[in-house]
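Student: Got a structure for you, written out below as structure tokens; questions coming shortly.
The values are calculated or read from the model by the stated rules, or taken from the named source; none is laboratory data. Source: prediction; values computed, not measured. Every residue, glycine as well, gets a Cβ built from its backbone with ideal geometry; the counts of neighbours run over all protein chains shown. To get the accessible areas, we keep the full protein, side chains included, count just its heavy atoms, and leave off ligands, DNA and RNA. Shrake-Rupley method; radii C 1.70, N 1.55, O 1.52, S 1.80 Å.
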Amino acid sequence: MEEKKVITDADVKKKGVKLVVTHIRKKIDREFDGQEHILRWLEKMEEVLAKEDFDKAEYIEMRKELNDVIERTIDGEMRIKFRDSWYSFGKALDKKVKKK
């Protein structure tokens, strides 16, 4: 009989952040000024997500870096889209396993 993996708060948070990153990638549907900053951030974020462990401080730092990227994005429409993702990133870091 297989043992079920116990899902932790860290697993839920990491899954939420992965979803946010996926949505950010989908939002980049055209070229815009400052695009290189978000692409560089996404590469770095993928490296963080690839790690086995979950270091919340590292994720918080990546959220701060995303804020910096947003501030360097000249295109107003894209800045608004990324700002929404920034809020979602914060919500993902607050998620917890649902209690039965």
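Results for (1) out of contact with any Asp or Glu (no Cβ under 7 Å at 6 or more places or on another chain); (2) loosely packed, with under 12 Cβ neighbours inside 10 Å; (3) of a type outside the set (A, V, I, L, M, F, W, C), shown as yes or no for each residue.
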residue: Trp41; (1), (2), (3): no, no, no
residue: Ile60; (1), (2), (3): yes, no, no
residue: Ile74; (1), (2), (3): no, yes, no
residue: Glu77; (1), (2), (3): yes, yes, yes
residue: Ala92; (1), (2), (3): yes, no, no
residue: Val97; (1), (2), (3): no, no, no
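Student: Please name all residue pairs, on different chains or six or more residues apart, with Cβ atoms under 8 Å, provided the first residue is in the range 79-100 and is assigned to a loop (DSSP other than H, G, I, E, B) and the second residue is open to solvent by 100 Å² or more (accessible area, probe 1.4 Å).
Tutor: Val97/Ile7
This table checks each residue for (1) more than 25 Å from Asp33 (Cα to Cα); (2) modelled with pLDDT of 95 or more; (3) touching a Ser or Thr at 6+ places or on another chain (Cβ under 6 Å).
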position: Glu46; (1), (2), (3): no, yes, no
position: Ala50; (1), (2), (3): yes, yes, no
position: Arg63; (1), (2), (3): no, yes, no
position: Leu66; (1), (2), (3): no, yes, no
position: Thr73; (1), (2), (3): no, no, no
position: Gly76; (1), (2), (3): no, no, no
position: Ser88; (1), (2), (3): no, yes, no
position: Val97; (1), (2), (3): yes, no, no
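Student: Select from the range 45-58 the residues that are part of a helix (DSSP H, G or I), open to solvent by less than 90 Å² (accessible area, probe 1.4 Å) and within 16 Å of Leu19 (Cα to Cα) and list them in ascending order.
Tutor: Residues satisfying the conditions are Met45, Glu46, Val48, Leu49, Ala50.
Student: Assuming Lys14 fulfils every condition listed in (1) part of a helix (DSSP H, G or I); (2) without any contact (Cβ under 8 Å) to a residue 40 or more places away in the chain; (3) among the charged types (D, E, K, R) apart from one, which condition is it?
Tutor: Only one criterion in (1) part of a helix (DSSP H, G or I); (2) without any contact (Cβ under 8 Å) to a residue 40 or more places away in the chain; (3) among the charged types (D, E, K, R) is unmet by Lys14, namely (2).
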